[in-house]
1. Looking only at segment 29-61, count how many residues are outside any strand (DSSP E or B) and in contact (Cβ under 8 Å) with a residue 24 or more places away in the chain.
2. Tell me, please, whether a residue that is part of a helix (DSSP H, G or I), modelled with pLDDT of 80 or more and of a type in the set (D, E, K, R) can be found in segment 10-27.
3. Out of Lys115, Lys104, Lys96, which single residue is loosely packed, with under 10 Cβ neighbours inside 10 Å, modelled with pLDDT of 85 or more and among the basic types (Lys, Arg)?
4. Would it be correct to say that Ser68 is assigned to a helix (DSSP H, G or I), closer than 30 Å to Val24 by Cα and either touching a helix residue (DSSP H, G or I) at 6+ places or on another chain (Cβ under 8 Å) or at pLDDT 75 or above (or both)?
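The values are calculated or read from the model by the stated rules, or taken from the named source; none is laboratory data. Just so you know, these numbers come straight off a predicted model, no measurement behind them. All Cβ positions, glycine included, derive from the backbone under ideal geometry; neighbour counts span all protein chains shown.
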Amino acid sequence: MEITESTLETVEMSEIDGTELGAVIRYISLPKRDMAHGTKALNTCMGDLYVIVNALYDYAHFLERAASEQGLNRYEQELFLLHAARCRKIADKFSKQMGYDYSKALERCRKRRTKESSKDNTGMDGLEALVQKQRHMKTEKIWRNRHERTKDNL
């Protein structure tokens, strides 16, 4: 499976923009044996709902790409496209009710990324620099140990 720029952006959006404000999803459960139907509540937060909406949009996009690129037969293509449409419909419904605009959030993410990369374009983030420094220190220590052993053997 190929990770696309869009997928990376929605993961970033969810983690950066996702807030932990409380949210409640209410639904009516279907009757089961020995249990009547009733209203249930699912406690979550807005950040979790952003993740769900973003995942639905990403999955719909993935299904649409798979339908056009994977060499599926016509039935499988239509099935993938039908499921993609359903995912988009759910994501649109949730987005509208939450007041969340996926397109605007994606654009904000892209602007933030461009802004951050133009501020300090060292070509390396802090984590990479730390790993590189640790590698350098380890290599230097190995070199010193070899040098001392060689000197002792003379």
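1. 16
2. So far as segment 10-27 goes, no, none of its residues is part of a helix (DSSP H, G or I), modelled with pLDDT of 80 or more and of a type in the set (D, E, K, R).
3. Only one candidate passes the filter, namely Lys104.
4. Judged against the criteria, Ser68 is not a match.
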